[in-house]
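Asker: The structure under discussion is supplied below as structure tokens; questions concerning it will follow.
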Amino acid sequence: MIQYINLTLIIIGFFTTLYATYIYIKLVKSLTKESYQFREIYREQRIVIAFLFIFLIGFVVGFIDVMARDVDPIFTFILVIFFLGSLFLLLIFKSYDSLINILFQKNTEILKTIVNMIEFKDKYTKGHSEHVRDIVSLFYDNLPEDYQGRINRRQLLDAALLHDCGKIGVRDEVLNKLGKLDHDEWENIKTHATNGKILLSTTCFRELSDWVLCHHERMDGNGYHGRPGNEIPLAARIIAIADTYSALCTNRVYRARVAHDQAVRILQEAAGTQLDHELVRLFVQIDPDELEQVSPALLTDHNDRSRIRRGRLNRLP
Ligand SMILES: [Fe+2]
């Protein structure tokens, strides 16, 4: 009888440990890809994988033992400990899994709050951050694998969403000025890249801060901070293209939007000097219909602005 109980404990314990391993692998994948801000949890918990192995091996050895020998009280006691341990591990991993999902949801809400704050200040570029994020998402999915392997997709999308977060430190009258910016105002608006780095560098988004800092750098070294092209992070070069395309294809108070074909021509003209030549070549191969689908409302909502003026195509967001 006890032998059957032992066998039952071994089988249930083995499959419980297998299920706990599956949850753990799912958790690690989430922490290294989607929920990258909470990687510390993974680092602190790596030791538990040793327990998973010990438990799995223990149940296999226990199965062999229970089939070969008579009932031993010490063996049964150890088996009960292993069984309870496997249940405990499963409980812990399930809790972590739920916690990470909740944190990820809250994190998304925090990002949305930051974007709302930017748009509260800079009303004329409403929807721009999400538009750039969506373009970057499409761009990433169309990149060759060697490019994709060099960058975390979720981090890239978050950086694209937050690229202009430093505008929170730019004066309202500068952000919302309809006329031409003077030198002082232009210098003030340029601070948004540095502001963004400062804002993010002490938060769980610190890994994105250099990308945000560099989103207005140019390949010829004539960007906001004069950083040479080979020192501009790949993510910043990707965001720069999406940012430029979004700015061109959206109505602004200082100019009307251009059609996709014209935007592509402008990007190609800027390739090698302002933008990364190879990335532009890859970007212009994206299906125009897919690009339009990522934000159709943004491209059509603001067509009735009577204040749209032309002649300032050089001003990027
Ligand atoms: Fe910007």
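The values are calculated or read from the model by the stated rules, or taken from the named source; none is laboratory data. Since the model is a prediction, treat every value here as computed from it, not as a measurement. All Cβ positions, even for glycine, are placed from backbone atoms using ideal geometry, and neighbour counts span all protein chains on display.
Asker: Looking at (1) closer than 22 Å to ASP122 by Cβ; (2) surrounded by 18 or more Cβ atoms within 10 Å (Cβ to Cβ), which is the one condition that is false for THR194?
Answerer: Here THR194 clears every test but (2).
Asker: Which ones in the stretch 206-221 are within 16 Å of the ligand (Cβ to nearest atom) and farther than 19 Å from LYS121 by Cβ?
Answerer: Taking the stretch 206-221 and keeping what is within 16 Å of the ligand (Cβ to nearest atom), we get 208-218.
Within the stretch 206-221, LEU208, SER209, ASP210, TRP211, LEU213, CYS214, GLU217, ARG218 meet the criteria.
Asker: Anything in the stretch 85-103 that is over 20 Å from LEU9 (Cα atoms) and surrounded by fewer than 13 Cβ atoms within 10 Å (Cβ to Cβ)? List them, or say none. Can you show your working first?
Answerer: Looking only at the stretch 85-103, we keep the residues that are over 20 Å from LEU9 (Cα atoms), and these are 93-103.
Correct list: SER95, SER98, ILE102.
Asker: Regarding the stretch 11-19, can at least one residue be identified that is within 32 Å of the chain's Cα centre (by Cα), assigned by TED's automatic domain parsing to the domain that holds ILE81 and buried (at least 19 other Cβ atoms within 10 Å of the Cβ)? So that I can check it myself, show each step before the final result.
Answerer: Initial filter on the stretch 11-19 (within 32 Å of the chain's Cα centre (by Cα)): 17-19.
Filter once more, so that each one left must be assigned by TED's automatic domain parsing to the domain that holds ILE81: 17-19.
The next check asks that each one be buried (at least 19 other Cβ atoms within 10 Å of the Cβ); those that pass are 17.
Yes: the stretch 11-19 contains one or more residues that are within 32 Å of the chain's Cα centre (by Cα), assigned by TED's automatic domain parsing to the domain that holds ILE81 and buried (at least 19 other Cβ atoms within 10 Å of the Cβ).
Asker: Here's something else I'd like to know. On the basis of being in a helix (DSSP H, G or I) and either more than 14 Å from the ligand (Cβ to nearest atom) or closer than 16 Å to THR244 by Cβ (or both), does ILE151 make the cut? Talk me through it step by step, then tell me what you get.
Answerer: Details: in a helix (DSSP H, G or I): no; either more than 14 Å from the ligand (Cβ to nearest atom) or closer than 16 Å to THR244 by Cβ (or both): yes.
The answer is no for ILE151.
Asker: Output the residues belonging to the stretch 20-56 that are closer than 30 Å to ARG206 by Cα, surrounded by 14 or more Cβ atoms within 10 Å (Cβ to Cβ) and among the β-branched types (Val, Ile, Thr).
Answerer: Across the stretch 20-56, the qualifying residues are ILE23, VAL28, ILE41, VAL48.
Condition check ((1) within 16 Å of the ligand (Cβ to nearest atom); (2) more than 20 Å from ASP276 (Cα to Cα); (3) part of a helix (DSSP H, G or I); (4) modelled with pLDDT of 95 or more) across all residues:
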{"site": "LYS167", "(1), (2), (3), (4)": "yes, yes, yes, no"}
{"site": "ASN195", "(1), (2), (3), (4)": "yes, yes, yes, yes"}
{"site": "CYS204", "(1), (2), (3), (4)": "no, yes, no, no"}
{"site": "GLY226", "(1), (2), (3), (4)": "no, no, no, no"}
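Asker: Kindly provide the set of residues from the stretch 140-171 that are touching a residue at least 24 places away in the same chain (Cβ under 8 Å) and loosely packed, with under 11 Cβ neighbours inside 10 Å, ordered by number. Can you show your working first?
Answerer: Initial filter on the stretch 140-171 (touching a residue at least 24 places away in the same chain (Cβ under 8 Å)): 140, 142-144, 147, 150-170.
Across the stretch 140-171, the qualifying residue is only PRO144.
Residue-wise test of (1) in a helix (DSSP H, G or I); (2) charged (D, E, K, R); (3) closer than 30 Å to GLU278 by Cβ.
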position: ASN101; (1), (2), (3): yes, no, no
position: LYS112; (1), (2), (3): yes, yes, no
position: PHE120; (1), (2), (3): yes, no, no
position: SER129; (1), (2), (3): yes, no, yes
position: ILE135; (1), (2), (3): yes, no, yes
position: LEU138; (1), (2), (3): yes, no, yes
